[in-house]
1. Just for helices (runs of 4 or more DSSP H) wholly inside region 116-169: which have at least 1 residues that are loosely packed, with under 12 Cβ neighbours inside 10 Å and within 20 Å of the chain's Cα centre (by Cα)?
2. With respect to Leu94, is the statement that it is free of Cβ contacts under 8 Å to residues at least 60 places away in the same chain and aliphatic (A, V, I, L, M) true?
3. Closer than 20 Å to Gly151 by Cβ and in contact with a His (Cβ under 6 Å, 6 or more places away or on another chain): is that true of Leu167 in this structure?
4. Of all residues in region 170-191, which are of a type in the set (A, V, I, L, M, F, W, C) and touching a His at 6+ places or on another chain (Cβ under 7 Å)?
5. crowded, with 21+ Cβ neighbours inside 10 Å, at pLDDT 95 or above and in contact with a Cys (Cβ under 6 Å, 6 or more places away or on another chain) - does that describe any residue in region 197-220?
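The values are calculated or read from the model by the stated rules, or taken from the named source; none is laboratory data. Computed from a predicted model, the values in this text were never measured in an experiment. Methodologically, a virtual Cβ is constructed for each residue, glycine included, from the backbone with ideal geometry; neighbour enumeration extends over all protein chains shown.
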Amino acid sequence: MWRSTVAGAGIFFLIALIWTGWDPMLAQMEVQQLGSEPSDWRAARARLLRRGRGAVLALRGSLGSTEASRRLRCAQSLGLLGEDEADEILMESLQASSDAEALMAMELIRELWNLRNGPPENEVKELLTEDTKRKESLDLALTQYYAWTGGYVARARRHLAEEEARLAVRDALSALLLEPEQFDALVILGRGYAKLGFSELGVDCLRQAVRINPRIEPDLAEELEALQEAARKERERRLRRRYQNLPLV
């Protein structure tokens, strides 16, 4: 009798051991699919995310990989699982000397912001389109997913396109409250301030966006130069008004 009891307990223990190690073991295999070799890395990421905590150890183990694609995709996956170190790794890679690594980091951090704290992934792409029919859907989604950075940025961009600068500034600030290094929100904020007549604030926002992500500088160069000129004229007007109001002695 006691032998059968011991055998049953042993089998139960063995099954439990296999079960607890199953997710981490499979996660190790799936992490390899996040590399640059031909693979459906998004499908591998989805499987890792479904494993939750069971995937964290495997993902962290590849953060030191010399292969940029695996390292950055692991960081993004950890970010989607709520791990704090992920954002820092991706943001640091925006400053990389390698254009390929920096551009990949930019794409992945944007996608992380779009997906994190938002609706299910299959709904996000549709909600973030600039189709005017999606306005009410996006507004409704933000009432439910109030910490969704990507939603605020998308709505801020829409407000700016519709010449609603104050609303664009409001949503851009909401996004920055959640993600202080959200460079796209900083660009929208700068443009919103410029439309409201605060050119100097606009220049500061664009410069900060470029400091965070140098890869956007070429796209902003002409705009930033024009805004700096507008800010210079704004300062000159203030100085003239100040001197005109000085008392004669």
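1. 121-127, 135-144
2. Considered against the rule, which asks whether it is free of Cβ contacts under 8 Å to residues at least 60 places away in the same chain and aliphatic (A, V, I, L, M), Leu94 comes out as no.
3. yes
4. Those that are of a type in the set (A, V, I, L, M, F, W, C) and touching a His at 6+ places or on another chain (Cβ under 7 Å): none in region 170-191.
5. Among the residues of region 197-220, not one is crowded, with 21+ Cβ neighbours inside 10 Å, at pLDDT 95 or above and in contact with a Cys (Cβ under 6 Å, 6 or more places away or on another chain), which makes the answer no.
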